[in-house]
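**Q** Below: one structure in structure tokens.
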């Protein structure tokens, strides 16, 4: 477009990166948090007591079935999830029957069961970590379909930004080891490069697999080309691809055994405490089945599963690994598993989290770089062009405002009284109000200063970074003041998910404080420089 | 780098943005459908391959649109393969689809 191929790519990289940067930053931040969704869930429901993952599973199943009989006697499916490292509590799930006439689909409900009383644990209503996780692909307050399209389009252009970034990058391997701190624009560029190049495989994988996860929504015409463009065709495709393992209901009712009756057989085969889950499908039907899955398998390798008839109690088959998948399905499976990282143990999960955050900081530094470059061309203009001011406000509001808003979400979780109507929605509302405020702040900051817009914005950078630091340190403190699930207790009990949450937030507080100090240094330098310029009116160029 | 660049007209940029987003999307769909027709074996597999390759076609189309010398060439570079794909699709389409 402009000059050489590389120059065109540079233009494309700069402008696409700028236009989509803010939304992609949101996706990366909330998506990274999503790798710890169940841990955040737990932190946001401090009513659940940590009892470890051991215990007599037969007794647990007894409690679970007793509760399910009470609360969901007519459900078509029951599912009992035994305590695991990431979810150290007993949970029951049930699927209500859909009605084919009204087209209403069955719905899943769940409860967590107290192991001592057998009663459901009453927790505060919260969106939890699931909400942050869900936001990274379906946003919030807008229709799902529009969100999917928007996210797909942004992901596609992120792929383009990544490819063009590689093209314009002459010394991709040299820059791997190059970081020149304290050199203004060069430092920002180095930081941007290091954070892009080092985790580049992750960035490419996460972007492409993200596209795949939404492909049936974003590319329906491709399915239509073979299956027809009506809803029926799409449906047929899904049935062929996602053919579910398991028998269909026969429609003939039959008496079922309980899941507990099979426990001796399962335990004699696998040993005690070996179950991950047990479920009964098509309850009350001739073809009802009980599935028992082994503990310790999530994601890529399917758990070895014993399938029993729920009528005769006979073992029907043992599912040991995935069914042999066709090429396309296999590739899809691998990519989406890599994206979700459900299989990841603690170490790998941290790596995922950090890689995602590196993506977020890559985007943030790229957007800061945009401003710094343009700023250096017009150092004397402290008012800044309209475009520069707009980008600066959006940068501040997004890059620091979003983390502050997420901290506010956690704070709201502890301060909003349990039991008020739509409590979960109020928590989210707090998140968005605080986020909105962080766009207003840099706009209004210059008023008390009686100075130019950009001066105020530099102040806003530093002050909001301090606010972020303070709010992240405040969350564990508030946790200590309002619950018994604070750091001291969780460490002594060995509840590392809870302790990890508090500790991680404190580290974040520290990182924001360091960032505030660094940015204040830059601010002071620039303030000094512009003051000198204004006083002697000399023509000056930075560096 | 920046000082050697000549400015680009707004019309050219808008034209390219439309070509990249809308044109690229259509090209990706057409290309993916052709691919799904050409892959032998199970239908669901062929469509699955087409779906997953479609994003690479889309990305390449965007890169092409912004690297072409003029907006006209950018559009042409999408139209010609697009027409070829459409012709192939009409030829290979399963009967009774529309």
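**Q** For the range A:478-492, give me each residue that is touching a helix residue (DSSP H, G or I) at 6+ places or on another chain (Cβ under 9 Å) and either in a helix (DSSP H, G or I) or crowded, with 19+ Cβ neighbours inside 10 Å (or both). Walk me through how you get there before you give the answer.
**A** As a first pass, look at the range A:478-492 and keep what is touching a helix residue (DSSP H, G or I) at 6+ places or on another chain (Cβ under 9 Å): A:478-483, A:485-491.
Of everything in the range A:478-492, those that are touching a helix residue (DSSP H, G or I) at 6+ places or on another chain (Cβ under 9 Å) and either in a helix (DSSP H, G or I) or crowded, with 19+ Cβ neighbours inside 10 Å (or both) turn out to be A:478, A:479, A:480, A:481, A:482, A:485, A:486, A:487, A:488, A:489, A:490, A:491.
**Q** Just need a number here: residues in the range B:40-54 that are more than 22 Å from residue B:83 (Cβ to Cβ) and either more than 9 Å from every other protein chain (Cβ to nearest Cβ) or touching a helix residue (DSSP H, G or I) at 6+ places or on another chain (Cβ under 7 Å) (or both).
**A** Taking the range B:40-54 and keeping what is more than 22 Å from residue B:83 (Cβ to Cβ), we get B:40-49, B:51-52.
From what is left, the residues that are either more than 9 Å from every other protein chain (Cβ to nearest Cβ) or touching a helix residue (DSSP H, G or I) at 6+ places or on another chain (Cβ under 7 Å) (or both) are B:40, B:43-49, B:51-52.
Counting residues in the range B:40-54 that are more than 22 Å from residue B:83 (Cβ to Cβ) and either more than 9 Å from every other protein chain (Cβ to nearest Cβ) or touching a helix residue (DSSP H, G or I) at 6+ places or on another chain (Cβ under 7 Å) (or both) gives 10.
**Q** Any residue in the range B:60-69 that is surrounded by fewer than 21 Cβ atoms within 10 Å (Cβ to Cβ), under 19 Å from residue A:226 (Cβ atoms), within 11 Å of another protein chain (Cβ to nearest Cβ) and in contact with a helix residue (DSSP H, G or I) (Cβ under 8 Å, 6 or more places away or on another chain)?
**A** no
**Q** Sticking with this one: Test residue B:37 against the stated conditions and say whether it is under 25 Å from residue A:335 (Cβ atoms) and within 7 Å of chain A (Cβ to nearest Cβ).
**A** Values: under 25 Å from residue A:335 (Cβ atoms): yes; within 7 Å of chain A (Cβ to nearest Cβ): no.
No.
**Q** Restricting attention to strands (runs of 3 or more DSSP E) lying wholly within the range A:229-338, give those where 3 or more residues are modelled with pLDDT under 90. If you could, list the steps in order and put the result at the bottom.
**A** Values: elements: A:275-281, A:289-294, A:305-309, A:315-319.
The strands (runs of 3 or more DSSP E) meeting that bar are A:315-319.
**Q** Follow-up question, since we're still on this one. Would you check if there is a residue in the range A:498-514 being assigned to a helix (DSSP H, G or I), more than 24 Å from the chain's Cα centre (by Cα) and at pLDDT below 95?
**A** Checked against the condition, which is being assigned to a helix (DSSP H, G or I), more than 24 Å from the chain's Cα centre (by Cα) and at pLDDT below 95, the range A:498-514 yields no hits at all.
**Q** Something else about it: How many residues are modelled with pLDDT under 85 and either part of a helix (DSSP H, G or I) or within 14 Å of chain B (Cβ to nearest Cβ) (or both) if we restrict to the range A:193-216? Outline the logic, then answer.
**A** Filtering the range A:193-216 down to residues modelled with pLDDT under 85 leaves A:193-198.
From what is left, the residues that are either part of a helix (DSSP H, G or I) or within 14 Å of chain B (Cβ to nearest Cβ) (or both) are A:193-197.
The qualifying residues number 5.
**Q** Okay, moving on. Could you tell me which of the residues A:359, A:419, A:384, A:397 is more than 14 Å from every other protein chain (Cβ to nearest Cβ), surrounded by 16 or more Cβ atoms within 10 Å (Cβ to Cβ) and outside any helix (DSSP H, G or I)?
**A** Working: A:359 fails: outside any helix (DSSP H, G or I); A:419 fails: surrounded by 16 or more Cβ atoms within 10 Å (Cβ to Cβ); A:397 fails: outside any helix (DSSP H, G or I).
Only one candidate passes the filter, namely A:384.
**Q** I would also like to ask the following. Inside chain B, counting only helices (runs of 4 or more DSSP H) that do not spill past its ends, which hold 3 or more residues that are within 22 Å of residue A:239 (Cα to Cα)?
**A** Numbers: elements: B:10-18, B:24-38, B:43-67, B:71-92.
It comes to B:24-38, B:43-67.
**Q** With a cut-off of at least 2 residues that are within 14 Å of another protein chain (Cβ to nearest Cβ), name the helices (runs of 4 or more DSSP H) lying wholly within the range A:1-104. Working first, answer last.
**A** Working: elements: A:5-34, A:37-43, A:57-71.
Here the list reads A:5-34.
**Q** Separate question: Check residue A:233 against each of (1) within 33 Å of the chain's Cα centre (by Cα); (2) in contact (Cβ under 8 Å) with a residue 60 or more places away in the chain; (3) over 30 Å from residue A:370 (Cα atoms) and name the one condition it does not meet.
**A** (2)
The values are calculated or read from the model by the stated rules, or taken from the named source; none is laboratory data. Values in this document were obtained by computation on a predicted structure and should not be read as measured data. When we count neighbours, we look across all protein chains shown, and the Cβ atoms used for this are built from the backbone with ideal geometry, even at glycine.
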